[in-house]
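Single-structure report; data block below.
The values are calculated or read from the model by the stated rules, or taken from the named source; none is laboratory data. All figures in this text were calculated on a predicted structure; none of them were measured in a lab. Neighbour counts run over all protein chains shown; Cβ positions are idealised from the backbone, glycine included. Only protein heavy atoms, including side chains, enter the accessible area calculation; ligands, DNA and RNA are left aside. Shrake-Rupley method; radii C 1.70, N 1.55, O 1.52, S 1.80 Å.
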Amino acid sequence: MTSTSSRQDPSVVIIGAGMTGIQLVIKLKQAGIKNIIVLEKTHDVGGTWRENTYPGICCDVPSHAYTYSFEPNPEWSSFFPSGSEIHAYFKKVTKKYEVEKHIRFNQLVTRCVYDEESNTWAISNADGEVLQADLLFSATGILHQPVIPDISGLDSFAGAKFHSSQWDHDADLISKRIGVIGTGSTATQIIPELVKLAGSKISVFQRTAQWIVKMDNRDFSDKEKQQFRDQPKRMERIRTWSARFWAQGTAALVSDRWFDRLTHKLVSWNGLRYLNKSIKDPELRAKLTPDYTFGCKRVVINPLFYDAIQQANVDLITENIDRIEPDGIVTKDGVLHPLDILVMATGFDATAFMRPMGFIGKSGVTIEQAWAKKFNAYRSMFLPDFPNFFLMLGPNSPIGNQSIIEISEIQTEYAIKLIDQWRAGKLQTIAAKPEAMQAWASMLKERMGHTVWTSGCQSWYLDSEGDALAWPDKWSKWVAAMQTPDLSDFVQN
Ligand code: NAP
C-alpha cells in the first residue's frame with residue numbers, strides 16, 4: 001500500500017506537454033500537489049498544435065471556446081484561429097503559470113510498468129533512465145500517430161512525400177504537380193492554400209465524399225477585442241453558445257427524440273443545400289455527394305473547400321488508387337496521374353492512445369492484453385489492471401466538435417476529486433473495479449444502437465467492430481457522469 005507520507009505528497013508523472021498536459025500541471029498544483037514532472041518527447045509544448053504546421057491549418061471550434069476556462073484570451077484575432085496562434089496561446093499559458101519548470105523536454109517515454117509492492121509506476125525513457133511515480137497520467141492526445149496509407153509502391157515515389165502532420169517546409173511547391181490523398185478536415189484546409197500557389201496543379205484523391213458544413217471565419221475588430229478585455233462576459237457568452245450549439249449537434253447524432261431527429265434532418269438538408277448551391281458542374285457535384293448518413297464520419301466544417309475544388313488547376317479523382325510509382329499515382333482504371341509532390345492527409349490512428357510505448361499493469365498485464373477485445377476504459381479514464389493511472393482523452397471521451405479543452409478540463413477535475421479521496425485514505429488505489437468497467441462498457445454498447453454511427457460508414461469514430469470510440473450519448477449526460485466519482489466503483493480500503 002502507498003505510504004501515508006507518499007499520499008500527502010505524491011509524485012506525479014505526466015506524459016506529454018500538449019493542451020492536456022499543460023492544464024494538468026496547473027490544476028494539480030492548485031490542488032496542492034507539488035511534485036510533478038512532465039515528460040515531453042520533443043523540444044516544445046503544444047502537442048498537436050506544435051506538430052501540425054500544414055498550410056491553412058486552423059481550428060473549427062470557435063477561438064473563445066477553444067480556450068482554457070481559467071485563461072480567457074481577449075486577444076484572439078479571429079473566430080476560428082490559426083494553428084500558430086493556438087500554439088502561441090499554449091506557450092503563453094505555459095509561461096504565465098510556470099509550467100515549464102515541471103517539463104523535461106526531449107524525453108521519449110518507451111515503457112511504463114506498475115509495481116504492486118510499492119504501488120508505484122516505473123517510467124522509462126529512450127535513454128534507459130527510469131523515474132518512479134505514485135500517480136501517472138497519459139496526456140498523449142487522441143490524434144497523434146499518423147496513418148501512412150498502405151498503398152503498394154509508396155516508397156518508390158521519386159518526389160517529396162509527407163504526411164500532413166509532418167509537413168516538409170523545405171519542399172518547393174511552386175509550379176509543381178501536387179497530389180493530395182484524402183478529403184477529411186485536414187485535406188480540406190490544405191487544398192485551398194495549395195490552389196493559390198503559382199503554376200501549381202493539384203490532384204485530389206477522394207475515397208469517400210464528405211459531409212461539409214459552411215461556417216465562415218472572420219477577424220475580430222480592435223473594438224471587439226477591447227470589449228472582450230473590458231467585459232469578459234462577452235467571451236463567456238461565445239463559450240456558452242458554442243457548447244450549446246455543439247451539444248445540440250451531438251444530440252442530433254445520438255438521440256431518438258423527435259426534436260433531435262428533426263435537427264438531424266435539418267443539418268443534413270443544410271449540408272446538401274450548401275453542396276448544391278456551391279458546385280456548378282453536375283458531374284463534380286455527384287462526385288462530392290456523400291452516400292452515407294450525415295455525421296457518421298466526423299463532419300467537416302469548411303467554408304473554402306468547395307470553391308477551391310472548382311478551380312481550373314484542381315482535379316478531383318474518385319477512381320480508387322491502385323499503386324504508386326516513381327512518377328505518380330496509378331488509379332484502378334490504369335491511368336497514371338503524374339506528380340512531383342505527394343501529401344498524405346490520411347488521418348491518424350485514433351486507437352493508438354499512449355502506444356507504441358510499452359504499458360504493463362498489475363500481474364504483468366499489458367495494455368494490448370487489456371484491450372485485446374475492446375478499447376474500453378471506465379469513464380474513458382480508468383483500467384482495472386492499471387492502478388493510479390489516468391488515461392486522459394481515452395476511449396469514448398466525447399470528441400466530435402465539442403471543445404476538446406473543456407473535455408480535458410472536466411476529466412482533470414474528476415481525477416482530482418478521486419486523488420483527494422485517495423489522499424484521505426478512502427481508496428486503496430485509484431483503480432476501477434472490473435464489474436464497474438463491465439457495466440460502463442455494456443451501457444456504451446446499448447447506447448450505440450441509438451446513434452447514426454451504426455448506419456454504416458468508415459470512420460475514425462468507430463473501432464474495428466463498428467462500435468463508437470466517441471461518446472454515444474448527449475453531451476449533458478457525459479458532463480453529469482463526470483461530476484462526482486462513485487467511490488463504490490473503485491477499489492476501496
Ligand atoms: P480523416 O478525417 O481520418 O481523413 C483522412 C482522409 O484520408 C479521408 O478522406 C480518408 O478516406 C483518406 N484516406 C485514408 N487512407 C486512405 C487510403 N489508403 N487511400 C485513399 N484515401 C485514404 O483525417 P484528418 O483529415 O487528418 O482529420 C482527422 C481529425 O482531425 C478530424 O476528423 C478532426 O477531428 C481533426 N481535425 C480537426 C481540425 C479542426 O479544425 N479542429 C482540423 C483538422 C483535423 P475515407 O474517408 O474513405 O476513409
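General observations
Residues are listed down the side, and each one gets a yes or a no for (1) among the β-branched types (Val, Ile, Thr); (2) in a strand (DSSP E or B); (3) within 28 Å of GLN492 (Cα to Cα):
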residue	(1), (2), (3)
ARG7	no, no, yes
VAL45	yes, no, no
ARG50	no, no, no
TYR89	no, no, no
LYS101	no, no, no
THR110	yes, yes, no
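- Residue within the stretch 203-216 that is of a type in the set (D, E, K, R), closer than 26 Å to PRO290 by Cβ and in contact with a helix residue (DSSP H, G or I) (Cβ under 8 Å, 6 or more places away or on another chain) present: yes
- Filter pass, MET235 being of a type outside the set (Ser, Thr, Tyr), under 27 Å from PRO398 (Cα atoms) and either within 16 Å of the ligand (Cβ to nearest atom) or more than 27 Å from the chain's Cα centre (by Cα) (or both): no
- If the condition is being touching a helix residue (DSSP H, G or I) at 6+ places or on another chain (Cβ under 7 Å) and within 16 Å of the ligand (Cβ to nearest atom), then the stretch 348-400 contributes LEU393, ASN396, SER397, PRO398, GLY400.
- Cβ pairs under 7 Å, 6+ apart, first in the stretch 275-290 and open to solvent by 70 Å² or more (accessible area, probe 1.4 Å), second assigned to a helix (DSSP H, G or I): ASN276/ARG285
- Looking across the stretch 121-154, the residues that are away from the ligand (no atom under 16 Å from the Cβ), in contact (Cβ under 8 Å) with a residue 24 or more places away in the chain and surrounded by 14 or more Cβ atoms within 10 Å (Cβ to Cβ) come down to TRP121, ILE123, ASN125, LEU131, ALA133, ASP134, LEU135, LEU136, PHE137, SER138, ALA139.
- Matching residues, the stretch 61-95, being within 15 Å of the ligand (Cβ to nearest atom) and open to solvent by 20 Å² or more (accessible area, probe 1.4 Å): PHE79, SER82, SER84, GLU85, HIS87
- Elements of type helices (runs of 4 or more DSSP H) contained in the stretch 185-273, each with 2 or more residues being out of contact with any Lys or Arg (no Cβ under 8 Å at 6 or more places or on another chain) and over 19 Å from MET344 (Cα atoms): 222-230, 233-254
- A residue that is out of contact with any Gly (no Cβ under 9 Å at 6 or more places or on another chain), of a type in the set (D, E, K, R), farther than 24 Å from PHE294 by Cβ and at pLDDT 95 or above occurs nowhere in the stretch 173-195.
- Pairing residues of the stretch 204-223 that are hydrophobic (A, V, I, L, M, F, W, C) with residues that are more than 11 Å from the ligand (Cβ to nearest atom) and open to solvent by 100 Å² or more (accessible area, probe 1.4 Å), at Cβ distances under 8 Å and at least 6 apart in sequence or on separate chains, gives ALA209/ASP291.
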